[in-house]
Ligand code: FES
Ligand code: FES
């Protein structure tokens, strides 16, 4: 048994320490957003945020996560109350099948948390580990730019409210 | 339009209710078919095969409306588009509709969701069914109010009379009222009055996808569900010689090992336990392999020396026109992967003698037939329900995963079984897009126009979809295996290897031969656009070679050979949007390219202009920008259409610049994203612009595949433009470009 902090809640997890975080999130905690794409660290579909950094959950064993804060796409917002990055992806209609999108959003979120005004080049460089087979790239880029603008206004509107 | 029919309906409705009405319709059809007369016209789209209106639209007494389609959402925005069509013709609010997609128990059998046919098949069926349902409701309101139907209008789910009386659809509907066969013609709305169709309504599936909702079959969690993994053979035809499973059965969480001939799988309580057990099982399994694969680096020779059935599919001659200057060229395409980001997945549950499978297959009905045959169960005891998966772009591992899940579930009655493939399995076992060769030869007359045109295409079939059990890996690997069905060439006008092989341009002399190759050294099937990807790449590259020979501008040269006005319109639109000018000089190290096709020669029109940069030192190409123009008939959702075309250009760019399946004499060696590299963000264009030419009131032409061929050729032409060298072998890799520059 180990305690894993996910989206602000403690979860008692009964899994082998070598279990990749991805399976704990999906199988034990029943979250959907982090996706199995390759299990090899090659595609980014499984990306979540750990202590503010984008992490490939398919190659991160549970044992390394003691005492850390894990955030998944579910932890950012909901359909009814979407986070800026979620709103941005909806407004740009930045998905085709959408299977890659949760991972993309988490890395973009991590980027925007440390750099609220990234350049187009910085966004492209940041998203380099991520694959999208549907060719939604143009919209993904637009959505990240839009998220940056939305977060900017949200911050201005409610100073002091930090991103999750 | 169809006034007599409406009179009929009114009379019947007034006379005794809907049930009798359906009989009267049947006899009316029978009377139409006097001996020797032409067959009665059929209603449009899939209504022709599934004619009852309530197969498509049902209205509850509380006014709730459900729309049914036999097609599936593949990430192409199908649900939203169909819901728009239904809302428009029914005159109800978009959000109030419920939509049920492909399910063998609930929906019409519309075959596969493929070929850009969904709007033509299901869109047309739903549009016409909705219009006829609305007419029936208006007729019923007219009867109840004792007013002529002409004075009534519909709005927001109700029929409203001139004096403001309002009867909701729920009030009006009665048992079996919609259980009537569709008429051949419907009173469709005038496209000028559309309120929902033609609008960029946000996709209904996106909110869940960007908030972590359960959106995919991969996200299903049924009570008591267990996880299975397959151990596939290491290569085609490998035989399992031994496998000591004793130690693996004792691994934590392991419930069962399923072995049936060369089919090997393990089931565990938790997902990662099943993966660990799969790895152990894989290490324990010993296989006998045979070297059966052809030479990967000489596909030209391989394909042109395999036995073929040859069909002359087009011949046109005008002896008055003869050529003066002749050129020839050969183009090749390697095997390419669908490469879905999410490996294939399915959930199956066998209980009380019935099998239910949740799958991201493109065809629940054909897949059910295959699975029922494999399990030796009556099809009626097998139900397939479509649930979205990762984008598939054709026939990937979806059907195989469904068969895997079903075979394992049969061995574990009562427990839902979830199977997901590993990355290496998806890359190694999916049926690839077939390798192809095209040989072209053409001559110019004295005026620089094409006088004769010869086109030969060498290809396997482009569909090995189920149908029968033998199309699915599990059934092929069982101890009593099902044979792979005989491949067949797909019939024209759609075609398979010969899709878009017939030129859409006007050439005085033209001949097209399809060399259909039955033998399939690699497992292949349908991949987005089928043969059209390579045929359009070849035709449109060769058009540029001929334009150069004629000293003509590529856009002008195309227009000179094209009468079709809608084709000319997209060419002109793309050229204009791009800023194309004859004799233009691109910036240093950049080239411009242009290409055009009408998909299948009878579906959507698409022209693409592109600007490509080539690094002369490394040969690295980059698509800088692309401008597309597309005419897909009446537009349902402009943003959805743009999304499809943007995606097609980006995906086709990836196929065209980077992708080929690799293999040695025995095994597939491109088994992950390292060994099968695809586009990454560093190669994403600066911009893609899509111009839509809307054709209000015209038939839906579909859009999913129209961009693949033109994008490839447009990029190839731009590379030729900047390097001065023509590359004819796909993919146009950095190395090939560099070698051509240095040659
Ligand atoms: S699933 Fe983790 S990187 Fe692909
Ligand atoms: S949207 Fe389908 S893989 Fe990216």
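The values are calculated or read from the model by the stated rules, or taken from the named source; none is laboratory data. Treat the numbers as computed from the prediction; the structure is a model and nothing was measured. Note that each Cβ is placed from the backbone with ideal geometry, even for glycine, and that neighbours are counted across all protein chains shown.
The table for this structure:
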{"quantity": "Test: residue in the stretch A:5-23 that is more than 16 Å from ligand 2 (Cβ to nearest atom), under 17 Å from residue B:342 (Cβ atoms) and crowded, with 24+ Cβ neighbours inside 10 Å", "calculated": "yes"}
{"quantity": "Conditions (1) crowded, with 24+ Cβ neighbours inside 10 Å; (2) more than 12 Å from chain B (Cβ to nearest Cβ): number failed by residue A:108", "calculated": "(2)"}
{"quantity": "Tally of residues being farther than 23 Å from residue B:367 by Cα and either at pLDDT 95 or above or within 14 Å of chain A (Cβ to nearest Cβ) (or both) across the stretch B:26-50", "calculated": "0"}
{"quantity": "Helices (runs of 4 or more DSSP H) contained entirely in the stretch B:514-600, each with at least 1 residues that are surrounded by 24 or more Cβ atoms within 10 Å (Cβ to Cβ) and within 27 Å of the chain's Cα centre (by Cα)", "calculated": "B:532-550, B:565-578"}
{"quantity": "Options A:86, A:69; residue that is out of contact with any strand residue (DSSP E or B) (no Cβ under 8 Å at 6 or more places or on another chain), touching a residue at least 12 places away in the same chain (Cβ under 8 Å) and more than 16 Å from ligand 1 (Cβ to nearest atom)", "calculated": "A:86"}
{"quantity": "Count - residues of the stretch A:31-57 that are away from ligand 2 (no atom under 16 Å from the Cβ) and more than 9 Å from the chain's Cα centre (by Cα)", "calculated": "10"}
{"quantity": "Top-ranked residue in the stretch A:110-131 [being within 14 Å of ligand 2 (Cβ to nearest atom) and touching a helix residue (DSSP H, G or I) at 6+ places or on another chain (Cβ under 7 Å); ranked as farthest from residue A:41 (Cα to Cα)]", "calculated": "A:127"}
{"quantity": "Restricting the stretch A:59-95 to residues that are within 10 Å of chain B (Cβ to nearest Cβ) and under 30 Å from residue A:17 (Cβ atoms), the residue that is surrounded by the most Cβ atoms within 10 Å (Cβ to Cβ)", "calculated": "A:73"}
{"quantity": "Residue pairs meeting the criteria (Cβ under 6 Å; at least 6 apart or on separate chains; first within 17 Å of residue B:345 (Cα to Cα), in the stretch A:31-55; second in a strand (DSSP E or B) and more than 16 Å from ligand 2 (Cβ to nearest atom))", "calculated": "A:34/A:48; A:46/A:56"}
{"quantity": "For residue B:310: the one exception among (1) crowded, with 17+ Cβ neighbours inside 10 Å; (2) under 28 Å from the mean Cα position of the chain (by Cα)", "calculated": "(1)"}
{"quantity": "Output for the stretch B:57-82, where each listed residue is assigned to a loop (DSSP other than H, G, I, E, B) and within 12 Å of chain A (Cβ to nearest Cβ)", "calculated": "B:72, B:73, B:74, B:75, B:76, B:77"}
{"quantity": "Qualifying residue in the stretch B:683-705 (condition: out of contact with any strand residue (DSSP E or B) (no Cβ under 9 Å at 6 or more places or on another chain), more than 30 Å from residue B:46 (Cβ to Cβ) and part of a loop (DSSP other than H, G, I, E, B))", "calculated": "no"}
{"quantity": "Residue A:128 vs. criteria over 25 Å from residue B:338 (Cβ atoms) and surrounded by fewer than 21 Cβ atoms within 10 Å (Cβ to Cβ)", "calculated": "no"}
{"quantity": "Any chance residue B:389 is at pLDDT below 95, within 27 Å of residue B:72 (Cα to Cα) and not assigned by TED's automatic domain parsing to the domain that holds residue B:539", "calculated": "no"}
{"quantity": "Filter result (within 15 Å of ligand 2 (Cβ to nearest atom) and within 16 Å of residue B:103 (Cα to Cα)) within the stretch B:73-90", "calculated": "B:73, B:74, B:78"}
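This table checks each residue for (1) more than 14 Å from chain A (Cβ to nearest Cβ); (2) closer than 30 Å to residue B:728 by Cα; (3) touching a strand residue (DSSP E or B) at 6+ places or on another chain (Cβ under 8 Å).
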| position | (1), (2), (3) |
| --- | --- |
| B:281 | yes, no, yes |
| B:294 | yes, yes, no |
| B:322 | yes, yes, yes |
| B:327 | yes, yes, yes |
| B:339 | no, yes, no |
